[in-house]
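*Asks:* Sending over a structure as structure tokens; questions will come in a sec.
The values are calculated or read from the model by the stated rules, or taken from the named source; none is laboratory data. What you see is a predicted model; the values in this text were computed from it and never measured. Backbone-built Cβ (ideal geometry, glycine too); neighbour counts: all protein chains shown. For accessibility, only protein heavy atoms count, side chains too; no ligands or nucleic acids. Shrake-Rupley method; radii C 1.70, N 1.55, O 1.52, S 1.80 Å.
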Amino acid sequence: MSEHLTREQLDAAAKVELEKINALPKPLKPKDKTAIPAQPMPQLEPSYRARVMEEVAQGYTEAQAIVEANRCLACKNQPCVESCPVHIDIPAFIAKIAEGDFKAAIAKIKETSLLPAICGRVCPQERQCQMNCTMGKMHKDVNQAVAIGRLERFAADYERNNGGATVPAVKPATGKKVAVIGSGPAGLVVAADVRREGHDVTIFEAFHKLGGVVRYGIPEFRLPKKIVDNEIESLAAMGVKFETNFVIGRTRKLKDLIEKDGFDAVFVGTGAGLPLFMNIEGENLVGVFAANEYLTRANLMRAYDKEHADTPMWPGKNVVVLGGGNVAMDAARMALRLGAEKVRIIYRRSMNELPARKEEVLHAQEEGVEFCVLQNPAKILGDEAGHVRGMLVDKYELGEPDEKGRPRPVKVEGASFEIECDTVLVAIGNGSNPLISNTTPELSVDKKGHILLEDATANKTFMEKVYAGGDIVLGAATVILAMGEGRRAAAGINEFLKK
Amino acid sequence: MAKILFKKQMSSAVYMFRVEAPLIAQERKAGQFIILQTNKDNGERVPLTIADADTTEGSITLIFQTVGKTTTELSKFEVGDDIPVLVGPLGSPTHIENFGHVVCVCGGVGIAPMHPIVQALKAAGNKVTIIMGARNESLFLMKDEMTALADNIIFMTDDGSYGRKGLVTEPLKELCEDTKGKPDMVIAIGPPIMMKFCALTTKPYGVKTVVSLNSIMVDGTGMCGGCRVTIGGKTKFVCVDGPEFDGHEVDWNNMLQRMGAFKPQEQESLHRFGANDGHKCNIDKMADAKAKESK
Ligand SMILES: Cc1cc2nc3c(=O)[nH]c(=O)nc-3n(C[C@H](O)[C@H](O)[C@H](O)COP(=O)(O)OP(=O)(O)OC[C@H]3O[C@@H](n4cnc5c(N)ncnc54)[C@H](O)[C@@H]3O)c2cc1C
Ligand SMILES: Cc1cc2nc3c(=O)[nH]c(=O)nc-3n(C[C@H](O)[C@H](O)[C@H](O)COP(=O)(O)OP(=O)(O)OC[C@H]3O[C@@H](n4cnc5c(N)ncnc54)[C@H](O)[C@@H]3O)c2cc1C
Ligand code: SF4
Ligand code: SF4
Ligand code: FES
């Protein structure tokens, strides 16, 4: 691991680079651009940050942002735009950053994306916008791609820290009412886009706080909650109404919103809130938690703030996390911050197949999380009090690729072994929560409970006046995909309400 | 937010609130519960059964026992105060039909949730026998309401200060053995230990026994998995699949162990709140006694 450089050191180095760039004849030649060093993200020092909730990635300085932006080749064929799920005009916004016009940069991003401060932080860029970046290809290394996500975050943070965004204009009232169920990224985006057209919008949220998974799942150290608050304040300023502590399907049926409460259209964005378990022996022992529960206690219920929070946290010292996605990384790193001495991630395939964002895997490793790959639990072992004391683990090897092209994990017979642990966090995925579909027979769902669409171009369901999007349609996906679906649904709703 | 319209202390540690919640009052059915918080930022989410509802007033009735930090803090709320977070109705309603003769066994604060169930059972045409248990007479909640509803009511106290002396399982066993009065169904609601022993009592007689599990919860909508219990070897979520389950299928040891998961932290939280007066709730006492027994 390379030596840790502070934000000040990185900034100083960037300023030197900037002088060199300024001295070159303009416009820069591709050769000059390729020679500019990729700017590392300033980060808190690993041994310090592993015990605090502070945001790990501190964000580019202005000098770093300008230097990084100067690496962009402004490619004609725009492979980056192609592989961003919402097709942000990436070269255009980066050009503005290179010019030092950060306000224009964020305005450009916001033509397409409504949550850049969030997506810039949490998108799996190495599999999206940065995957086919020409700069990365020239270096034959995806890590050398232009840091599009970091630049996007920089522009969004710049706006927030310099007076904030202007509240989007709202057209004159149309008298039409729209209900948005769920306040995750999908719901927030629908609310903004529909409200802009002058419709009356109410968001219904089961929890006491807004934001969905970006509030209760993704931890503070990766996405500070003040960023989520900021998005919600801006919706409130637009006149969006909020009904928290309101479970559609329980407090009120979806159908009643339309038939009794006079909503002209409804958007369902209830996410993928159903924790999956392994169905192995010992899974209900004390000390085994779904990552959802663990992270909700810590984030939403603020259990990390032991002095003030009433919600208790399990004091695990020797923690095993099952799974290899973002949820597993978050659970593992949260466990460290809550005082665990040893944290291991157990994953069936190899390091190459980990589905988590690459940066989170790196951060977890730097912070001391151990990766036990090609392993899978067979059984969780308990003591007389019914508490976890260990785990029986099977060994795996990689076999033939499956339908998705990922190598299939194959169990190695007779190679099982026991490990000790006092806590197990299960992060093997989320199914769709059936609360709404069970109480709304008019909605069609597939075998896994995902809501089916009649018209995918408008995210319209098979139920009249009802639209849906985000994880409840896609299965556990990503923030940017949920946002993209929200925008499509909002366009569909706005079109429908014109009639 | 939900305004408290009426407050009454029912015994030394049991309180009754009528709370403004018009939508919940309309939708709720017997067996369902709400989740509340006494503080939006730092509060814990605590489930309480909806003991009654008044759709005209737009209110629901909650009856709770002070056992820890949140319930103690809640007991200090007064009429006119707002409960900052209240959400519901949650859980699946009690399955009600004309079963014939139903024996309803309830103990302690479990008497409150039994009230709407007995109402619904009577409305469906059942004959209802109630067995009510408490440490002493002063702890019987809703004695008159329950007596008025039941075809037959049996009171049991630990000290014999009222009704018969002994545990609720004694008359339950007698009824199961009674060839003429044998129940078609038993519903037991109270401390987990009580429910466990009711289920054990009826099992040899093959009388279906429904219990209402009070596992630890967070969201109450099936999202976190914290409330899971083992029923007939399968994992179920109390907040959506329950809270009522077949008592003969419940893995009671696992259920009791899971309920104790956060005990040290809960005690610490109560300490911080400055309300620890050495009081120990019935559930804890029973669990402690049981723990000693099994050693
Ligand atoms: C721990 C974790 C880490 C993640 N990390 C990343 C990452 O790094 N990058 C990334 O792109 N994605 C990540 N994801 C995935 C991403 O957060 C989701 O894909 C995204 O939030 C989905 O948005 P959504 O709007 O569909 O639903 P959600 O964000 O799930 O929001 C749904 C909301 O609806 C509410 N709701 C549910 N049912 C009802 C009801 N009946 N009535 C009223 N309200 C209801 C819920 O309480 C919730 O607030 C992560 C997910 C988790 C859990
Ligand atoms: C579906 C359901 C319905 C309930 N209905 C009622 C009711 O009508 N009246 C009533 O008095 N109580 C009821 N309970 C129990 C009530 O929720 C707990 O007493 C309460 O959560 C304790 O909170 P506390 O902060 O005061 O105590 P804590 O300090 O949190 O805990 C004290 C003790 O209570 C138990 N407990 C803790 N958290 C919970 C929890 N979330 N759920 C259940 N038990 C817990 C633990 O065993 C613990 O030892 C119900 C529980 C459930 C699950
Ligand atoms: S592919 Fe890379 S270099 Fe080309 S325009 Fe996009 S960001 Fe710039
Ligand atoms: S939204 Fe995500 S994928 Fe698109 S450019 Fe931004 S970081 Fe890349
Ligand atoms: S309380 Fe979270 S799933 Fe039941």
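*Asks:* Here are some residues: A:Leu398, A:Leu425, A:Leu392. Which one is assigned to a strand (DSSP E or B) and within 14 Å of chain B (Cβ to nearest Cβ)? Lay out the reasoning, then the answer.
*Replies:* Details: A:Leu398 fails: within 14 Å of chain B (Cβ to nearest Cβ); A:Leu392 fails: within 14 Å of chain B (Cβ to nearest Cβ).
A:Leu425 is the lone residue from the list that is assigned to a strand (DSSP E or B) and within 14 Å of chain B (Cβ to nearest Cβ).
*Asks:* In the stretch B:61-81, is there at least one residue being modelled with pLDDT of 95 or more, within 14 Å of chain A (Cβ to nearest Cβ), in contact with a strand residue (DSSP E or B) (Cβ under 8 Å, 6 or more places away or on another chain) and surrounded by 23 or more Cβ atoms within 10 Å (Cβ to Cβ)?
*Replies:* So far as the stretch B:61-81 goes, no, none of its residues is modelled with pLDDT of 95 or more, within 14 Å of chain A (Cβ to nearest Cβ), in contact with a strand residue (DSSP E or B) (Cβ under 8 Å, 6 or more places away or on another chain) and surrounded by 23 or more Cβ atoms within 10 Å (Cβ to Cβ).
*Asks:* I would also like to ask the following. One residue is enough: does the stretch B:2-23 have a residue meeting the conditions touching a Pro at 6+ places or on another chain (Cβ under 8 Å), within 28 Å of B:Leu121 (Cβ to Cβ) and crowded, with 23+ Cβ neighbours inside 10 Å? Working first, answer last.
*Replies:* Just the residues of the stretch B:2-23 that are touching a Pro at 6+ places or on another chain (Cβ under 8 Å), to begin with: none.
No, the stretch B:2-23 has no match at all.
*Asks:* Got a number for residues in the stretch A:11-35 being in contact with a helix residue (DSSP H, G or I) (Cβ under 6 Å, 6 or more places away or on another chain) and without any contact (Cβ under 8 Å) to a residue 60 or more places away in the chain?
*Replies:* Residues that pass the stated criteria total 6.
*Asks:* Here is a follow-up. Considering the stretch A:138-158 alone, what residues qualify as being open to solvent by 30 Å² or more (accessible area, probe 1.4 Å) and away from ligand 1 (no atom under 16 Å from the Cβ)?
*Replies:* Filtering the stretch A:138-158 down to residues open to solvent by 30 Å² or more (accessible area, probe 1.4 Å) leaves A:138-144, A:150, A:158.
Selection gives A:Met138, A:His139, A:Lys140, A:Asp141, A:Val142, A:Asn143, A:Gln144, A:Tyr158.
*Asks:* Working only within the stretch B:221-235, note down all residues that are more than 7 Å from chain A (Cβ to nearest Cβ) and among the basic types (Lys, Arg).
*Replies:* Selection gives B:Lys234 alone.
*Asks:* I've got another one for you. Does the stretch A:123-137 hold any residues that are open to solvent by less than 20 Å² (accessible area, probe 1.4 Å) and away from ligand 1 (no atom under 15 Å from the Cβ), and which are they?
*Replies:* Of everything in the stretch A:123-137, those that are open to solvent by less than 20 Å² (accessible area, probe 1.4 Å) and away from ligand 1 (no atom under 15 Å from the Cβ) turn out to be A:Cys133, A:Met135, A:Gly136.
*Asks:* Please determine whether any residue of the stretch A:45-55 is surrounded by 16 or more Cβ atoms within 10 Å (Cβ to Cβ), farther than 20 Å from A:Lys96 by Cα and either within 16 Å of ligand 1 (Cβ to nearest atom) or free of Cβ contacts under 8 Å to residues at least 12 places away in the same chain (or both).
*Replies:* Scanning the stretch A:45-55 turns up at least one residue that is surrounded by 16 or more Cβ atoms within 10 Å (Cβ to Cβ), farther than 20 Å from A:Lys96 by Cα and either within 16 Å of ligand 1 (Cβ to nearest atom) or free of Cβ contacts under 8 Å to residues at least 12 places away in the same chain (or both).
*Asks:* Can you confirm whether the stretch A:396-410 contains a residue that is under 30 Å from B:Pro264 (Cβ atoms) and either crowded, with 20+ Cβ neighbours inside 10 Å or within 20 Å of the chain's Cα centre (by Cα) (or both)?
*Replies:* First, pick out the residues of the stretch A:396-410 that are under 30 Å from B:Pro264 (Cβ atoms): none.
Checked against the condition, which is being under 30 Å from B:Pro264 (Cβ atoms) and either crowded, with 20+ Cβ neighbours inside 10 Å or within 20 Å of the chain's Cα centre (by Cα) (or both), the stretch A:396-410 yields no hits at all.
*Asks:* Name the single residue that is nearest to the other protein chains (Cβ to nearest Cβ) among those in the stretch A:200-209 being crowded, with 23+ Cβ neighbours inside 10 Å and of a type outside the set (D, E, K, R).
*Replies:* Residue satisfying both the conditions and the ranking: A:Ala206.
*Asks:* Right, here's the next one. Would you mind stating whether B:Ile35 is under 20 Å from B:Cys239 (Cα atoms), modelled with pLDDT under 95, open to solvent by less than 20 Å² (accessible area, probe 1.4 Å) and in contact with a Lys or Arg (Cβ under 7 Å, 6 or more places away or on another chain)?
*Replies:* Details: under 20 Å from B:Cys239 (Cα atoms): yes; modelled with pLDDT under 95: no; open to solvent by less than 20 Å² (accessible area, probe 1.4 Å): yes; in contact with a Lys or Arg (Cβ under 7 Å, 6 or more places away or on another chain): yes.
In short, no.
*Asks:* Give the residues of the stretch B:32-66 that are part of a loop (DSSP other than H, G, I, E, B) and under 16 Å from B:Met16 (Cβ atoms), sorted by residue number. Walk me through how you get there before you give the answer.
*Replies:* Pass one, the stretch B:32-66, residues part of a loop (DSSP other than H, G, I, E, B): B:32, B:38-45, B:55-58, B:66.
Answer for the stretch B:32-66, where residues must be part of a loop (DSSP other than H, G, I, E, B) and under 16 Å from B:Met16 (Cβ atoms): B:Glu57, B:Thr66.
*Asks:* Please indicate, with yes or no, whether at least one residue in the stretch A:87-98 is among the β-branched types (Val, Ile, Thr) and in a loop (DSSP other than H, G, I, E, B). Please lay out each step first, then the result.
*Replies:* Going through the stretch A:87-98, the residues among the β-branched types (Val, Ile, Thr) turn out to be A:88, A:90, A:94, A:97.
Adding the requirement that they be in a loop (DSSP other than H, G, I, E, B) leaves A:88.
Yes, there is a match, as at least one residue in the stretch A:87-98 is among the β-branched types (Val, Ile, Thr) and in a loop (DSSP other than H, G, I, E, B).
*Asks:* Which one of these does B:Thr201 not meet: (1) open to solvent by less than 10 Å² (accessible area, probe 1.4 Å); (2) more than 9 Å from chain A (Cβ to nearest Cβ)?
*Replies:* With (1) open to solvent by less than 10 Å² (accessible area, probe 1.4 Å); (2) more than 9 Å from chain A (Cβ to nearest Cβ) applied to B:Thr201, the lone miss is (1).
*Asks:* Right, next: Considering only the stretch A:263-282, state which residues are out of contact with any Gly (no Cβ under 8 Å at 6 or more places or on another chain) and either more than 9 Å from every other protein chain (Cβ to nearest Cβ) or crowded, with 20+ Cβ neighbours inside 10 Å (or both). If you could, list the steps in order and put the result at the bottom.
*Replies:* Restricting attention to the stretch A:263-282, the residues satisfying the condition of being out of contact with any Gly (no Cβ under 8 Å at 6 or more places or on another chain) are A:263-266, A:278-281.
Across the stretch A:263-282, the qualifying residues are A:Phe263, A:Asp264, A:Ala265, A:Val266, A:Met278, A:Ile280, A:Glu281.
*Asks:* Tell me, please, whether a residue that is of a type outside the set (Ser, Thr, Tyr) and more than 24 Å from B:Asp41 (Cα to Cα) can be found in the stretch A:227-238.
*Replies:* Kept after step one, since they are of a type outside the set (Ser, Thr, Tyr), are these residues of the stretch A:227-238: A:227-233, A:235-238.
Then drop every residue that is not more than 24 Å from B:Asp41 (Cα to Cα), which leaves A:238.
Checked against the condition, which is being of a type outside the set (Ser, Thr, Tyr) and more than 24 Å from B:Asp41 (Cα to Cα), the stretch A:227-238 yields at least one hit.
*Asks:* Moving to a separate point now. Scan the stretch B:82-119 residue by residue and report those that are buried (at least 19 other Cβ atoms within 10 Å of the Cβ), small (Gly, Ala, Ser) and within 14 Å of chain A (Cβ to nearest Cβ).
*Replies:* Residues satisfying the conditions are B:Gly88, B:Gly91.
*Asks:* Moving on to the next point. Could you list, in sequence order, all residues of the stretch A:440-475 that are touching a Gly at 6+ places or on another chain (Cβ under 8 Å), over 17 Å from A:Asp193 (Cα atoms) and open to solvent by 70 Å² or more (accessible area, probe 1.4 Å)?
*Replies:* Across the stretch A:440-475, the qualifying residue is only A:Lys448.
*Asks:* Here is a further query. Going through B:Val238, B:Val218, B:Val186 one at a time, which residue ends up being closer than 14 Å to B:Gly91 by Cα, more than 11 Å from chain A (Cβ to nearest Cβ) and of a type in the set (A, V, I, L, M)?
*Replies:* On the way: B:Val218 fails: more than 11 Å from chain A (Cβ to nearest Cβ); B:Val186 fails: closer than 14 Å to B:Gly91 by Cα.
Result: B:Val238 is the single residue among B:Val238, B:Val218, B:Val186 that is closer than 14 Å to B:Gly91 by Cα, more than 11 Å from chain A (Cβ to nearest Cβ) and of a type in the set (A, V, I, L, M).
*Asks:* Right, another one. For the stretch A:160-175, how many residues meet the condition of being open to solvent by less than 60 Å² (accessible area, probe 1.4 Å) and modelled with pLDDT of 95 or more? Full working, then the answer.
*Replies:* Start the filter on the stretch A:160-175 by keeping residues that are open to solvent by less than 60 Å² (accessible area, probe 1.4 Å), which leaves A:160, A:164-165, A:168, A:170.
If we keep only those that are modelled with pLDDT of 95 or more too, we end up with none.
Counting residues in the stretch A:160-175 that are open to solvent by less than 60 Å² (accessible area, probe 1.4 Å) and modelled with pLDDT of 95 or more gives 0.
*Asks:* Also: Provide a single number: the residues in the stretch A:242-262 that are more than 14 Å from ligand 1 (Cβ to nearest atom) and more than 11 Å from every other protein chain (Cβ to nearest Cβ).
*Replies:* Residues meeting the conditions: 3.
*Asks:* Sticking with this structure for a sec: Any chance you could count how many residues in the stretch A:290-313 are facing chain B (nearest Cβ under 7 Å), open to solvent by 10 Å² or more (accessible area, probe 1.4 Å) and in contact (Cβ under 8 Å) with a residue 60 or more places away in the chain?
*Replies:* 1
*Asks:* So which residues in the stretch A:124-141 are away from ligand 3 (no atom under 11 Å from the Cβ) and free of Cβ contacts under 8 Å to residues at least 40 places away in the same chain?
*Replies:* Answer for the stretch A:124-141, where residues must be away from ligand 3 (no atom under 11 Å from the Cβ) and free of Cβ contacts under 8 Å to residues at least 40 places away in the same chain: A:Arg127, A:Lys140, A:Asp141.
*Asks:* Are any of the residues in the stretch B:189-211 more than 29 Å from B:Asp251 (Cα to Cα) and of a type in the set (Lys, Arg)?
*Replies:* Restricting attention to the stretch B:189-211, the residues satisfying the condition of being more than 29 Å from B:Asp251 (Cα to Cα) are none.
No, because not a single residue in the stretch B:189-211 is more than 29 Å from B:Asp251 (Cα to Cα) and of a type in the set (Lys, Arg).
*Asks:* So which residues in the stretch A:239-259 are assigned to a strand (DSSP E or B) and more than 21 Å from A:Arg196 (Cβ to Cβ), if there are any at all?
*Replies:* We begin by selecting, within the stretch A:239-259, every residue assigned to a strand (DSSP E or B); these are A:241-243, A:248, A:252.
The answer is A:Ile248, A:Arg252.
*Asks:* If you don't mind, another one. Could you please find all residues in the stretch A:47-72 being away from ligand 4 (no atom under 16 Å from the Cβ), modelled with pLDDT of 95 or more and more than 26 Å from A:Pro185 (Cβ to Cβ)?
*Replies:* Those that are away from ligand 4 (no atom under 16 Å from the Cβ), modelled with pLDDT of 95 or more and more than 26 Å from A:Pro185 (Cβ to Cβ): A:Thr61, A:Glu62, A:Ala63, A:Gln64, A:Ile66, A:Val67, A:Asn70.
*Asks:* Quick one: would you say A:Arg344 is under 12 Å from A:Val320 (Cα atoms), part of a strand (DSSP E or B) and not hydrophobic (A, V, I, L, M, F, W, C)? Break it down into steps so the answer makes sense when it comes.
*Replies:* Working: under 12 Å from A:Val320 (Cα atoms): yes; part of a strand (DSSP E or B): yes; not hydrophobic (A, V, I, L, M, F, W, C): yes.
In short, yes.
*Asks:* Oh, and also: Suppose we filter A:Leu235, A:Leu223 for residues that are part of a loop (DSSP other than H, G, I, E, B), of a type in the set (A, V, I, L, M, F, W, C) and crowded, with 21+ Cβ neighbours inside 10 Å; which single one remains? Reasoning before the result, please.
*Replies:* Values: A:Leu235 fails: part of a loop (DSSP other than H, G, I, E, B).
When all the criteria are applied, what remains is A:Leu223.
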